[in-house]
């Protein structure tokens, strides 16, 4: 089963970085989109930008569902995120199973559902890899006093909770589909690593998620690379295209599509940016005197390459250089405009002030 040409897609978390790019791609390919956001008033601009979608019953007339909404607060004390994520995902699957028009469902997962690699330490990831470490470490709530006393430990706890919520909700979803087989829709997940590339309407959305990191590099924030240590990148449009494929290709059934294009290092990124855009990148070099630690992971992304080719991308995943060039085009086009600041912008600014003081 798959979404028919011109079908209607329900996309949750429409105001997210990846989600907004995915909406744009669905519309470009002739599909209609019904998006959900937590605050309609805060995102009213989207109705005009994407050519207004209606607000009838959430699943009325929907042919495919892209569940992309996620809690990325990384709150170390929010152990409930695990059950909340599982329960909300299963509730969506239950609801979809009762709507005859729904033909396909895809859920956005994360690298964190597979592993939380340590830079420089070898690891392997394939479609059967799950983050069992995070699941085990979060099996019981943390002691509040420990989190209050150690900020580093608290931050890591928040990351582990997010990882466990993504892994366990994904596992629960596949288990639900098996238990209720045959379900009236196909089901897949897309598992991305670091998304670089274009950004949708920065004057309305700002630079969110990983898009904010490249914007910080252009602005010259020395701490920019520290947010995203060397790992695997993917062009955000390739991740979006894998979501389209998961909903519309009848041969993609019950799969985890790994959106991992290739490895990157900040040495590579800065070399590309300064070569392609001389004089326009304010961050000149990495803020370290030592040798950069590189990613040593191996990821089996062959199936995703195959799917991208079926979708018309003969080269498979976009190269790092092409991906970065597209990101820079978005940033340079919006320089001088009133781009709202996001939490990441404020974080970089606070670090810059503390270093300068």
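The values are calculated or read from the model by the stated rules, or taken from the named source; none is laboratory data. All figures in this text were calculated on a predicted structure; none of them were measured in a lab. Here Cβ is always computed from backbone atoms with ideal geometry, including for glycine, and neighbour counts include all displayed protein chains.
How many residues does segment 193-227 hold that are closer than 19 Å to residue 274 by Cα, at pLDDT below 95 and outside any helix (DSSP H, G or I)?
Qualifying residue count, segment 193-227: 4.
Within segment 228-237, how many residues turn out to be surrounded by fewer than 24 Cβ atoms within 10 Å (Cβ to Cβ) and not in a strand (DSSP E or B)?
Residues in segment 228-237 being surrounded by fewer than 24 Cβ atoms within 10 Å (Cβ to Cβ) and not in a strand (DSSP E or B): 5 in total.
Using the structure shown, decide if residue 254 is touching a residue at least 40 places away in the same chain (Cβ under 8 Å), loosely packed, with under 15 Cβ neighbours inside 10 Å and under 30 Å from residue 103 (Cα atoms).
yes
Out of (1) at pLDDT 90 or above; (2) surrounded by 14 or more Cβ atoms within 10 Å (Cβ to Cβ); (3) closer than 29 Å to residue 191 by Cα, what's the single condition that is false for residue 292?
(1)
Before we move on, is residue 181 under 20 Å from residue 264 (Cα atoms) and either buried (at least 24 other Cβ atoms within 10 Å of the Cβ) or modelled with pLDDT under 95 (or both)? Quick ask: steps written out before the conclusion?
On the way: under 20 Å from residue 264 (Cα atoms): no; either buried (at least 24 other Cβ atoms within 10 Å of the Cβ) or modelled with pLDDT under 95 (or both): yes.
Judged against the criteria, residue 181 is not a match.
Among the residues that make up segment 330-341, is at least one of them surrounded by fewer than 12 Cβ atoms within 10 Å (Cβ to Cβ), closer than 19 Å to residue 227 by Cα and at pLDDT below 85?
No, there is no match, as no residue in segment 330-341 is surrounded by fewer than 12 Cβ atoms within 10 Å (Cβ to Cβ), closer than 19 Å to residue 227 by Cα and at pLDDT below 85.
Determine if segment 132-149 includes at least one residue that is in contact with a helix residue (DSSP H, G or I) (Cβ under 6 Å, 6 or more places away or on another chain), buried (at least 22 other Cβ atoms within 10 Å of the Cβ), within 30 Å of residue 251 (Cβ to Cβ) and modelled with pLDDT of 95 or more.
no
Does residue 14 meet the test of being crowded, with 18+ Cβ neighbours inside 10 Å, assigned to a loop (DSSP other than H, G, I, E, B) and modelled with pLDDT of 90 or more? Quick ask: steps written out before the conclusion?
Numbers: crowded, with 18+ Cβ neighbours inside 10 Å: yes; assigned to a loop (DSSP other than H, G, I, E, B): yes; modelled with pLDDT of 90 or more: yes.
Yes: the conditions hold for residue 14.
Got a sec? Which of 190, 217 is in contact (Cβ under 8 Å) with a residue 24 or more places away in the chain and touching a strand residue (DSSP E or B) at 6+ places or on another chain (Cβ under 8 Å)?
Selected residue: 190, the only one of 190, 217 that is in contact (Cβ under 8 Å) with a residue 24 or more places away in the chain and touching a strand residue (DSSP E or B) at 6+ places or on another chain (Cβ under 8 Å).
Quick one: what pairs do we get from segment 80-98, first residue more than 16 Å from residue 141 (Cβ to Cβ), second modelled with pLDDT under 95 and surrounded by 15 or more Cβ atoms within 10 Å (Cβ to Cβ), C-beta under 6 Å, 6+ apart or different chains?
Partner pairs satisfying both residue conditions: 97/183.
Give the residues of segment 275-289 that are surrounded by fewer than 16 Cβ atoms within 10 Å (Cβ to Cβ) and within 22 Å of residue 236 (Cα to Cα), sorted by residue number.
Of everything in segment 275-289, just one residue is surrounded by fewer than 16 Cβ atoms within 10 Å (Cβ to Cβ) and within 22 Å of residue 236 (Cα to Cα), namely 276.
Just need a number here: residues in segment 269-301 that are more than 26 Å from the chain's Cα centre (by Cα), touching a residue at least 60 places away in the same chain (Cβ under 8 Å) and within 29 Å of residue 110 (Cα to Cα).
Total meeting the criteria: 1.
Condition test on residue 175, is it surrounded by fewer than 24 Cβ atoms within 10 Å (Cβ to Cβ), at pLDDT below 95 and either touching a helix residue (DSSP H, G or I) at 6+ places or on another chain (Cβ under 9 Å) or not in a strand (DSSP E or B) (or both)?
In short, no.
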